[in-house]
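For reference, the structure is listed below as structure tokens.
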């Protein structure tokens, strides 16, 4: 028996992928469709003499256009030069699309989701693991690995690049 077998390919349209036991999706502690994702990206202006917080989608809709006529830089330039600092959003670990986005948009780019309604989950445990992909959207190969002489998978691998 081969030790590494390609299962197939998975499509990704949100730049992230989730691994979970399918029984959790419709169970009592299942997926929360009412936890709406809101794309909030806020930046604090650290330029001396300027005090401001700017939010994508509210104060500007494109990172390549200047905010104001008198403002000499685009948001991308302000971020690159260090004049703007990203204000982190509160972390969401809910078993939902919003929770997945919160974890994959974090500095780590991955994290765990918790059961709906759970009040305490030990560190390092969750009902799903999520990760951003290396290049955003795409179709990625999935492999299972077998230990020598065994016929049940012991590892799953997804190649994001």
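Coordinate-derived values only; no laboratory data. Since we're looking at a predicted model, the values are computed, not measured. Here Cβ is always computed from backbone atoms with ideal geometry, including for glycine, and neighbour counts include all displayed protein chains.
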Original post:
What FRET efficiency do you get for residue 91 and residue 146 if R0 is 30 Å and r is their Cβ-Cβ distance, rounded to the nearest 0.05?
Top reply: 0.25
Subject >> For segment 42-87: relative contact order, % (alpha-carbon pairs under 8 angstrom, 6 or more apart) >> reply: 42 percent
Original post:
Modelled label-to-label distance, residue 4 and residue 108, 7 Å Cα→beta-carbon offset: nm?
Top reply: 2.6 nm
Original post:
Counting only Cα, what are the radius of gyration and maximum Cα-Cα distance Dmax of segment 84-143, in Å?
Top reply: 13.0, 41
Original post:
From the list (1) 29, 18, 14; (2) 23, 20, 13; (3) 38, 20, 13, can you say which value of semi-axes √(5λ) of the Cα gyration tensor in Å was derived from the structure given?
Top reply: (3)
Original post:
In square nanometres, what is the average projected area of the Cα convex hull of segment 42-87?
Top reply: 2.9 nm²
Original post:
If each residue's Cβ is checked for other Cβ atoms within 10 Å, how do 31, 154 rank with the fewest at the top?
Top reply: 154, 31
